[in-house]
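Data first, discussion second: the structure below is written as structure tokens.
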Amino acid sequence: PATVIDTLWDVAKAMGFKGGNVLEGSAGIGNIIGQMPKDMSLNSDIEAVEIDTISGNILKLLYPDAKVHVTGFQDVVIPNNSVDLAVTNVPFVTGLHVYDKADKDLSRRFTNIHDFCIAKNIRKLREGGIG
């Protein structure tokens, strides 16, 4: 719901986020990105990931300035310590395990995709980044 997304942005702003490298690891068609306050958006580089082909291609069309990956989050290589803000609604599926070549240790440690996605987002945050 829009009120939940607006609250995410309110929290990011209250924590001092004004812009930077933004990661959305399970973007769908981009509802979270679409509600990003304009002042933040103008000062940000957005990288978004969506595994579903239809949603991912809609995401690409709606946000041509964003770097969009239409693949699973586990298949995207994002440098560690490179993200200022990780904001997402991770997929919650108990027992769904993914393998990530770049972050193998996370794949071994977390057997639920939601735990894996949260850990990967945290790893990508720079020191002082917001998740």
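The values are calculated or read from the model by the stated rules, or taken from the named source; none is laboratory data. Because the structure is predicted, anything quoted here is derived from the model rather than measured. Every residue, glycine among them, receives a Cβ derived from its backbone with ideal geometry; neighbour counts consider all protein chains shown. Heads up: the accessible areas ignore ligands, DNA and RNA and are worked out on the full protein's heavy atoms, side chains in. Shrake-Rupley method; radii C 1.70, N 1.55, O 1.52, S 1.80 Å.
Given the structure, is ALA66 hydrophobic (A, V, I, L, M, F, W, C) and open to solvent by less than 40 Å² (accessible area, probe 1.4 Å)? In short, yes.
Would you mention how many residues in the stretch 1-20 are in a loop (DSSP other than H, G, I, E, B), open to solvent by 20 Å² or more (accessible area, probe 1.4 Å) and out of contact with any helix residue (DSSP H, G or I) (no Cβ under 6 Å at 6 or more places or on another chain)?
As a first pass, look at the stretch 1-20 and keep what is in a loop (DSSP other than H, G, I, E, B): 1, 15-20.
Right, trim to open to solvent by 20 Å² or more (accessible area, probe 1.4 Å) and you get 1, 15-16, 18-19.
From what's left, out of contact with any helix residue (DSSP H, G or I) (no Cβ under 6 Å at 6 or more places or on another chain): 1, 15-16, 18.
Residues flagged as in a loop (DSSP other than H, G, I, E, B), open to solvent by 20 Å² or more (accessible area, probe 1.4 Å) and out of contact with any helix residue (DSSP H, G or I) (no Cβ under 6 Å at 6 or more places or on another chain) within the stretch 1-20 amount to 4.
LEU23 meets the conditions (1) within 23 Å of ASP75 (Cβ to Cβ); (2) part of a helix (DSSP H, G or I); (3) aliphatic (A, V, I, L, M) in every case but one. The failed one is (2). Taking (1) β-branched (Val, Ile, Thr); (2) within 26 Å of GLY128 (Cβ to Cβ); (3) open to solvent by 40 Å² or more (accessible area, probe 1.4 Å) in turn, ILE54 satisfies each apart from (2). Close Cβ contacts (under 6 Å, 6 or more residues apart or on different chains) running from residues in the stretch 98-113 that are closer than 17 Å to ILE51 by Cβ and among the small types (Gly, Ala, Ser) to residues that are part of a loop (DSSP other than H, G, I, E, B) and open to solvent by less than 90 Å² (accessible area, probe 1.4 Å) comprise SER107/ASP100. For the stretch 30-43, the set of residues classified as part of a loop (DSSP other than H, G, I, E, B) and buried (at least 20 other Cβ atoms within 10 Å of the Cβ) consists of GLY30, MET36, listed by residue number. Hey, could you check the stretch 82-129 for residues that are touching an Asp or Glu at 6+ places or on another chain (Cβ under 7 Å) and either among the hydrophobic types (A, V, I, L, M, F, W, C) or outside any helix (DSSP H, G or I) (or both) and say which is most open to solvent (accessible area, probe 1.4 Å)? Restricting to residues being touching an Asp or Glu at 6+ places or on another chain (Cβ under 7 Å) and either among the hydrophobic types (A, V, I, L, M, F, W, C) or outside any helix (DSSP H, G or I) (or both), the top hit is ARG126. Looking at THR71, THR88, just one residue is of a type in the set (Val, Ile, Thr) and modelled with pLDDT under 95, and that residue is THR88.
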